[in-house]
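Asks: Just passing along the structure, written as structure tokens.
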Amino acid sequence: MTAPPYDKPDETLPRRAQIIGTGLIGGSIGLALRRQGWLVTGRDTDSRRTDRALALGALDAVGDDPQAEVTFVATPAGAVVGEARLVLKAGARLVTDVAGIKEPITDALGDYPAFVGGHPMAGSEQEGVEGADAALFEGATWVLTPTEHTDPDAYALLQTVVSSFGADVVAVPPRRHDELVAMVSHVPHLTAATLMNLAAEAGADDATLLRLAAGGFRDMTRIAAGHPGIWPDVVAENRDQIVRTLDQLIAALGAVRRIVVDADRAGLLGLLEHARVARINLPIGAPPVEEMAEIRVPIQDRPGAMAGIVTLLAEIGVNIFNVETVHSIEGDKGVLVLSVDDTTIEVATKSLAARGFHPTVRRLG
């Protein structure tokens, strides 16, 4: 199945998008789009949520928009495939989702090049569209999971749209995404909830305990305040990766326990220093334009070529801040244009060359 053709939007008219699921994330996407002048239509299984989204300015209208340039499916993970299929079969030009699990969804929608899996790593303790915020994605990582079936134009358009929200876009293969988020999202949430429950149970016998819950405890358990409704689907779909990561965590805590039991001061200092250095070196946002460069990579104009490059660069730590595909008027070749931090040019070009590509570089500063 081929993706519908992309026509350049008429710049005299507002760009159009639709959102399926008008909760916290869907509502925030709507606000972010409307802040940039998009016309946003949306719907939800609960009409009260769409009415509220309309009242709060997250939507311009309720319903479907056959002319939408992009559709965001912002439902719980278990409903994504069904909703995405409906709009894709109706001819939607670009469809993405926001679920925290990717491989089962991309596998089920693999026949649709216009579908690009997505996962914004952003949220809030506030629930529903009442907590929606146009700035929710600023500085957040937004994962895209292209596959060999993904249409390059669909990917490039989505990269541009979500980058315009202030998000840092990272391309990751679907299975690898699920492995990684088990470590950095799913198990941390379960751990925070477990620690919070332990403290709550202890606090039932001693009210002073929770009054002592100061900055460190509050920071560590903050995510336990998130709405629980999305988690049953996520945990069920990513069960194997979550169990594997839980086993690693349990083993690591066992090692910490031995350090404590043995009063191993050197071991404790080593563990804490290693964690401190790793925490300090967590990556931050995009560099200024004068510190960026453009890598142009000639590719075969065929499915899978673009996905292989953007996921390769993500795996070696090269952040891609913008993607554009330039198609050849004749033949089956094209050019993938990637904007990256200029400090990563050497590793990026060497890695691409090692795989038979012939990249050229232009610094933007």
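Asks: Would you call THR191 among the hydroxyl-bearing types (Ser, Thr, Tyr), under 30 Å from GLY308 (Cα atoms) and not in a loop (DSSP other than H, G, I, E, B)?
Replies: Values: among the hydroxyl-bearing types (Ser, Thr, Tyr): yes; under 30 Å from GLY308 (Cα atoms): no; not in a loop (DSSP other than H, G, I, E, B): yes.
So THR191 does not fit the description; no.
Asks: Run VAL256 past the list (1) surrounded by 11 or more Cβ atoms within 10 Å (Cβ to Cβ); (2) at pLDDT below 80 and report the number of the one that doesn't hold.
Replies: (2)
Asks: Of the residues that make up region 102-115, is at least one within 14 Å of ILE19 (Cα to Cα) and not in a loop (DSSP other than H, G, I, E, B)? Full working, then the answer.
Replies: At the first step, the residues of region 102-115 found to be within 14 Å of ILE19 (Cα to Cα) are none.
No, every residue in region 102-115 fails to be within 14 Å of ILE19 (Cα to Cα) and not in a loop (DSSP other than H, G, I, E, B).
Asks: Sort through VAL116, VAL87, VAL129 and tell me the only one that's touching a Leu at 6+ places or on another chain (Cβ under 9 Å) and at pLDDT 95 or above. Walk me through it before giving the result.
Replies: On the way: VAL87 fails: touching a Leu at 6+ places or on another chain (Cβ under 9 Å); VAL129 fails: at pLDDT 95 or above.
After applying the criteria, what remains is VAL116.
Asks: What's the number of the condition LEU144 fails, among (1) surrounded by fewer than 16 Cβ atoms within 10 Å (Cβ to Cβ); (2) under 14 Å from the mean Cα position of the chain (by Cα)?
Replies: Of the numbered conditions (1) surrounded by fewer than 16 Cβ atoms within 10 Å (Cβ to Cβ); (2) under 14 Å from the mean Cα position of the chain (by Cα), the odd one out for LEU144 is (1).
Asks: Further question: Which pairs turn up if I take residues in region 7-21 that are farther than 20 Å from LEU31 by Cα and look for partners that are at pLDDT 85 or above and assigned to a loop (DSSP other than H, G, I, E, B) with beta carbon separation below 6 Å, at least 6 apart in sequence or on another chain?
Replies: What qualifies is PRO9/ARG15.
Asks: Only one of VAL169, VAL187 is within 12 Å of the chain's Cα centre (by Cα) and surrounded by 18 or more Cβ atoms within 10 Å (Cβ to Cβ). Can you tell me which? Full working, then the answer.
Replies: Working: VAL187 fails: within 12 Å of the chain's Cα centre (by Cα).
The conditions single out VAL169.
Asks: Here is a follow-up. With the requirement that a residue be aliphatic (A, V, I, L, M) and either more than 18 Å from HIS327 (Cα to Cα) or in contact with a helix residue (DSSP H, G or I) (Cβ under 7 Å, 6 or more places away or on another chain) (or both), what does region 131-165 give you?
Replies: Filtering region 131-165 for residues aliphatic (A, V, I, L, M) gives 132, 134-136, 140, 143-144, 154, 156-158, 161-162.
Selection gives ALA132, ALA134, ALA135, LEU136, ALA140, VAL143, LEU144, VAL161, VAL162.
Asks: Just give me the residues in region 33-57 being aliphatic (A, V, I, L, M), farther than 20 Å from ALA167 by Cβ and either in contact with a Leu (Cβ under 7 Å, 6 or more places away or on another chain) or assigned to a helix (DSSP H, G or I) (or both), in sequence order.
Replies: The initial filter retains those residues of region 33-57 that are aliphatic (A, V, I, L, M), namely 33, 39-40, 53-56.
Next, only the ones that are farther than 20 Å from ALA167 by Cβ stay: 39, 53-56.
Of everything in region 33-57, those that are aliphatic (A, V, I, L, M), farther than 20 Å from ALA167 by Cβ and either in contact with a Leu (Cβ under 7 Å, 6 or more places away or on another chain) or assigned to a helix (DSSP H, G or I) (or both) turn out to be ALA53, LEU54, ALA55, LEU56.
Asks: Looking for whichever is closer than 20 Å to VAL143 by Cα and modelled with pLDDT under 80 here; the options are ALA348, ALA305, ALA314. Which one fits?
Replies: Values: ALA348 fails: modelled with pLDDT under 80; ALA314 fails: modelled with pLDDT under 80.
Only one candidate passes the filter, namely ALA305.
Asks: Also: Out of (1) loosely packed, with under 15 Cβ neighbours inside 10 Å; (2) in contact (Cβ under 8 Å) with a residue 60 or more places away in the chain, the odd one out for ILE29 is which?
Replies: Going through (1) loosely packed, with under 15 Cβ neighbours inside 10 Å; (2) in contact (Cβ under 8 Å) with a residue 60 or more places away in the chain one by one, ILE29 breaks only (1).
Asks: Within region 182-202, does at least one residue satisfy the condition of being outside the structural domain of GLY23 (by TED's automatic domain parsing), in contact with a helix residue (DSSP H, G or I) (Cβ under 7 Å, 6 or more places away or on another chain) and without any contact (Cβ under 8 Å) to a residue 24 or more places away in the chain?
Replies: Yes, region 182-202 has at least one match.
Asks: Then there is this: What number of residues within region 313-341 are under 11 Å from ALA293 (Cα atoms), in contact with a Leu (Cβ under 8 Å, 6 or more places away or on another chain) and not aliphatic (A, V, I, L, M)? Reasoning before the result, please.
Replies: Going residue by residue through region 313-341, those that are under 11 Å from ALA293 (Cα atoms) are 320-322, 337-341.
Subsequent filtering for residues that are in contact with a Leu (Cβ under 8 Å, 6 or more places away or on another chain) retains 320, 322, 338-340.
Checking the rest, the ones that are also not aliphatic (A, V, I, L, M) come to 322, 339.
Here the count works out to 2.
Asks: Using the structure shown, decide if LEU109 is modelled with pLDDT of 95 or more, of a type in the set (A, V, I, L, M) and touching a Phe, Trp or Tyr at 6+ places or on another chain (Cβ under 6 Å). So that I can check it myself, show each step before the final result.
Replies: On the way: modelled with pLDDT of 95 or more: yes; of a type in the set (A, V, I, L, M): yes; touching a Phe, Trp or Tyr at 6+ places or on another chain (Cβ under 6 Å): yes.
Yes; evaluated as a whole, the condition is true for this residue.
The values are calculated or read from the model by the stated rules, or taken from the named source; none is laboratory data. Since the model is a prediction, treat every value here as computed from it, not as a measurement. Cβ coordinates were reconstructed from backbone atoms using ideal geometry, including for glycine residues, and neighbour counts include every protein chain displayed.
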